[in-house]
Each structure stands twice: as C-alpha cells, then as structure tokens.
Amino acid sequence: MTTSTKTTKAVDPKDYNALVAKARLRAITLAGSKFDLKQESASSDRKAWRYDIADYLADCSFDAEGGLLHGLFSYQVRCLQGRRKLMSLEAFYRVTYTVSGDTDEQSCELFMRKVGRFAAYPYFRSLFAALSSQSNIVLPPLPVISDQPYRIPGVVDQGSDAKVEALPAPRKRVAKSTTR
C-alpha cells in the first residue's frame, strides 16, 4: 500500500521521533534537471550577479509493504544581474529512506521537510558547480541551506502529549554572490 502525504495536520512528537529513530537513508537519485545559460552571460560582469535560490518538497509517499519512504525535492537557482536572468538550473532529486514498521503520513512529510531536504541539497550544489564550470562560468559555490530551530509548542519534556504543527514550505532565500 502506498500513501501520499500531502497533509499539513498536527504531528505527534512520539510518532515523529519513532520515525527518526528507524529511518535509514537508502538512496539519493537525480530525477531530472533543466539548465539554461543566456549568451550574454559570457560578457557579463559576474561580480554583480546574485543568486535566487528556492526549494520545495514536490511529493512525499510511504510504501508500508516495502518499508520505503520517498520524497521528491525540487531545487532551483537563478543567477541574476539586476532583473535579468542569465543562468538558471532546476533539478529534481528523489530521496529514499528505508523504514522498519509503520508510520503516519504527517510524520513522513515532516521528516522529509526537516531531514530529506538537507540530504539532497549537496548533490544540487555539486550539479550547479559542475554545469557552471563546464559552461566556463566561474562562480562561488552555492550557500549552504539552514533551518531555524523548531520548537514544539507546549512541549517541555519528551513525555508531553502535545502535537507538533507541520512545518510550512521553506521560504525562498536570496544570496548575493561574493568574489573570491
């Protein structure tokens, strides 16, 4: 049985922590990508470029029979000079975890947003570096992503029965490139 997790209901901390304890990374695979480089980028002043970076969880599903938790992440970067988009990359990565036993949909989605997202991002950074290098565009590496500490409302200790509200989708981050 495959369940798709698209809900934003509350998450029980005990269920989420149980999932964290039993999830093991199985695979990270590139599912697709699109790279675009404008001709004028060759003569453009790269010191004035800035990154516009975004990511989101496109799909999340748990196959209870196979014990597999899948997340499909989309990562995008646009290199801008002013308002002009000179280079862009969008890539989709499938992140798969093996999970022994059963788990609930809300915990699966929260786990993918909090853990799976960070598992695939280094691969995206590497893809961006390789494609820009092969295009003879020398740029600094993409910045690392981070999340604000997440506090569970009303939880003082591990034994609380409080519910965790699912995380909202990550916000878009803009980073100005720096010269080396």
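The values are calculated or read from the model by the stated rules, or taken from the named source; none is laboratory data. Everything numeric in this text was worked out from a predicted model, so none of it was measured. In this analysis, Cβ positions are derived from the backbone assuming ideal geometry, glycine residues included, and neighbour counts consider all displayed protein chains.
Can you tell me how many residues in region 103-118 are touching a residue at least 60 places away in the same chain (Cβ under 8 Å), within 29 Å of ASP52 (Cβ to Cβ) and of a type outside the set (A, V, I, L, M, F, W, C)?
2
In this structure, is PRO122 assigned to a loop (DSSP other than H, G, I, E, B) and either touching a strand residue (DSSP E or B) at 6+ places or on another chain (Cβ under 6 Å) or within 30 Å of ALA64 (Cβ to Cβ) (or both)?
When the stated conditions are applied, PRO122 does not pass them.
Quick check on my filter: what residues within region 44-99 are of a type in the set (Lys, Arg) and under 19 Å from THR29 (Cα atoms)?
Hit for region 44-99 is ARG94, nothing else.
Do we find a residue being touching a residue at least 40 places away in the same chain (Cβ under 8 Å), farther than 23 Å from VAL138 by Cβ, among the aliphatic types (A, V, I, L, M) and in contact with a helix residue (DSSP H, G or I) (Cβ under 6 Å, 6 or more places away or on another chain) anywhere in region 89-102?
yes
Name the single residue, out of those in region 118-151 being loosely packed, with under 14 Cβ neighbours inside 10 Å and β-branched (Val, Ile, Thr), that is modelled with the highest pLDDT.
VAL144
If LEU30 satisfies every condition in (1) touching a residue at least 40 places away in the same chain (Cβ under 8 Å); (2) more than 22 Å from the chain's Cα centre (by Cα); (3) closer than 25 Å to ALA130 by Cβ but one, which is the exception?
Going through the list (1) touching a residue at least 40 places away in the same chain (Cβ under 8 Å); (2) more than 22 Å from the chain's Cα centre (by Cα); (3) closer than 25 Å to ALA130 by Cβ, LEU30 breaks only (2).
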